Structures are given as C-alpha cells and as structure tokens.
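Please read the structure below before turning to the comments.
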Amino acid sequence: MQALLDTRLFTLNGHDIILSQIIVAPLLVVIGLVILQWLIKKIAQRLELRKVNADAIHLFRRMFLIVGIVILVITALDVLNVPLTAFAFVSGAVAIGFGFGAQNIINNFISGWILMWERPIKIGDFLEVGDAKGTVESINTRSTRIRRTDGVHMLIPNSHLLENTVVNWTLIDRLTRGIVRVGVQYGSPVKKVTELLKQAMEDNPSVLGEPAPCVIFEDFGDNALIFDAYFWINTSAEKGIRDVKSELRYAFEALLNEHDIVIAFPQRDVHLDGVLKIANDHDFMRN
C-alpha cells in the first residue's frame, strides 16, 4: 500500500507528484470546506444571539469564507509541493483576459463589497428602484435580491444600485409620512371638518403623536372643498402606510356622516341653447 501511495505520477516544476499527494490535497480541501462552513454557521449563530446587525453578520460570512478558501488553496498547493510562483505567468494571462471579458462581473463584484461595507442599503430595507418596490432579502457579491410587494423576487446588479437613484424608505429610520385627501361639499363648516379629520388621526394607534398630524385646507376645488390630512407612522414597507390610509378613510367617512357633512362627488351642470323639442310616440314610430 505504501509503495502504491508513493508511486510517482508526473513532475511539476522540478517536483515529483506522487499518488498520496493527489489523494490528500482534494480531500484536505473538501474536509476544510466542511469545517469552514460549520465554523461560519456557529459563529453567525452566536452573533445573532448577541443581536448583531444582519448586514454585519452577512459581511462576516463572506469575508470569512473567502479567507478560508484562500488558506485551503495555499495549503493544498503546499501539500503538492507546488510553489505559487509556478502560476505567476498563467495567472497574469488569465487576469488580463478576465479583466477584458468580465468587466461587468468585476464591477458588480466590487459594488457588492461596497454595499456590504458602507451599508447604504441593508438587509430588510424597503427600496424603490425604478417602478419596482420591495424589501432587500440578501446582498450577494454580484447582485442584490429584492422581494417585491407582489411577492416576486428581483435580482438587481449591485452596480445598478450604486450608479442609479434608489429610494431607501428605511435608510436612517422607519419614519414615513402619509397623506389622505378629502373633499367635502361647498357650504360645509370648514373648521368642524378640520377638527374631525384631526380627531380621527389622533384616535388611530398607528399614527404618531410626534411629529403631530395636521390638516391643511388645501383648495377650493371644482366640486368640493379640498382638505389634506398629513400624518406620520413607523413602517418598514409600503403596505403599512396603505393600511393606515385605509383605516383613516373609514374613520373620516364615519365621523363626517355622523355630523351630517357630505363628502363631495363630481357634479356637472348642462346648459342647452335653443328650443328642445320632444317627439311624441307617433313621430318616433314614423321616424
């Protein structure tokens, strides 16, 4: 068995490569990867128990994995007695070709590390990217995965998030302002309308007291007196503010009806010039 394991297979850079080295090197890499993944999982679990930010844990996992793989590759080459200088020329040629052929990949890779390091976008943030809105689920080395409000997953290149305008609803805090517009018919008591709208917002548990909600008499519309009700809530997604808007509309409608204040609807007056002639049944049948 020992003689078989010591069998020389070929010579690389002046060093004999034997069968045992060919067996041990990949086995070492496989075992090392298993241990590395186990270590990363255990350390990440401890960090989660200490309430460490999810983005910091994600960055740690990426860095620990890359460093571990580099160490395993260097160790495997050392077992094979292969010096790193043997790959100097090949790695240089590969690097040049890779640089020309994979500019976008490299750009997205570097952008991914910038996102994880500077954290302008974090896991759990609610983003508005173009026409799409969704929550960040993971930031990978090439792309960022976002779950849209309709449940569909989007993969956005990291460079796109750095080079284009992105609206981050939760960059610093989860404070979000909402507005509900209400139109009441002309002749309604405007002071009373303002009081009722403000009362409905103050009674809603989701509306914050500071900044305080306010009501603005916005305009004299074509068919109604226009009021804008402004309020602030803490939310991490668009659904939260839509739910509160719906609750406030129910409350506005109930309070205004209770005080006999009519919510306006579009009306049009039609004026006819000339003589209007109504045909009788005989003329209608003849025509």
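The values are calculated or read from the model by the stated rules, or taken from the named source; none is laboratory data. A quick note: this is a predicted structure, and the numbers were derived from the prediction, not measured. Quick reminder, even Gly has a Cβ in these numbers, built from the backbone with ideal geometry, and neighbours come from all protein chains shown.
General remarks:
- Filtered residues of region 148-179 (kept if of a type in the set (Asp, Glu) and either under 13 Å from residue 131 (Cβ atoms) or buried (at least 16 other Cβ atoms within 10 Å of the Cβ) (or both)): 150
- Residue satisfying all of: in region 129-147; at pLDDT 85 or above and farther than 16 Å from residue 164 by Cβ; surrounded by the most Cβ atoms within 10 Å (Cβ to Cβ) among these: 135
- Residues of region 141-167 classified as closer than 18 Å to residue 112 by Cβ and small (Gly, Ala, Ser), total: 2
- Given (1) of a type in the set (Gly, Ala, Ser); (2) more than 26 Å from residue 260 (Cα to Cα); (3) part of a strand (DSSP E or B), index of the condition residue 183 fails: (2)
Condition check ((1) farther than 29 Å from residue 139 by Cα; (2) touching a helix residue (DSSP H, G or I) at 6+ places or on another chain (Cβ under 9 Å); (3) not assigned by TED's automatic domain parsing to the domain that holds residue 128) across all residues:
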residue	(1), (2), (3)
154	no, no, no
193	yes, yes, yes
219	yes, no, yes
232	yes, no, yes
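- When residue 237 is tested against the conditions (1) within 14 Å of residue 178 (Cβ to Cβ); (2) at pLDDT 85 or above, the lone failure is (2).
- Residues in region 109-128 that are in contact with a Leu (Cβ under 7 Å, 6 or more places away or on another chain) and of a type in the set (Val, Ile, Thr) were compared, and the one that is surrounded by the most Cβ atoms within 10 Å (Cβ to Cβ) is 121.
- Residue check: residue 57 meets all listed conditions (1) at pLDDT below 80; (2) among the β-branched types (Val, Ile, Thr); (3) over 28 Å from the mean Cα position of the chain (by Cα) but one, namely (3).
- Region 183-204, residues that are of a type in the set (Val, Ile, Thr) and farther than 14 Å from residue 224 by Cβ: 194
Conditions tested, residue by residue: (1) assigned to a helix (DSSP H, G or I); (2) touching a residue at least 12 places away in the same chain (Cβ under 8 Å); (3) farther than 30 Å from residue 149 by Cβ.
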{"residue": "178", "(1), (2), (3)": "no, yes, no"}
{"residue": "187", "(1), (2), (3)": "no, no, yes"}
{"residue": "192", "(1), (2), (3)": "yes, yes, yes"}
{"residue": "211", "(1), (2), (3)": "no, yes, no"}
{"residue": "223", "(1), (2), (3)": "no, yes, yes"}
{"residue": "247", "(1), (2), (3)": "yes, yes, no"}
{"residue": "251", "(1), (2), (3)": "yes, yes, no"}
{"residue": "257", "(1), (2), (3)": "yes, no, yes"}
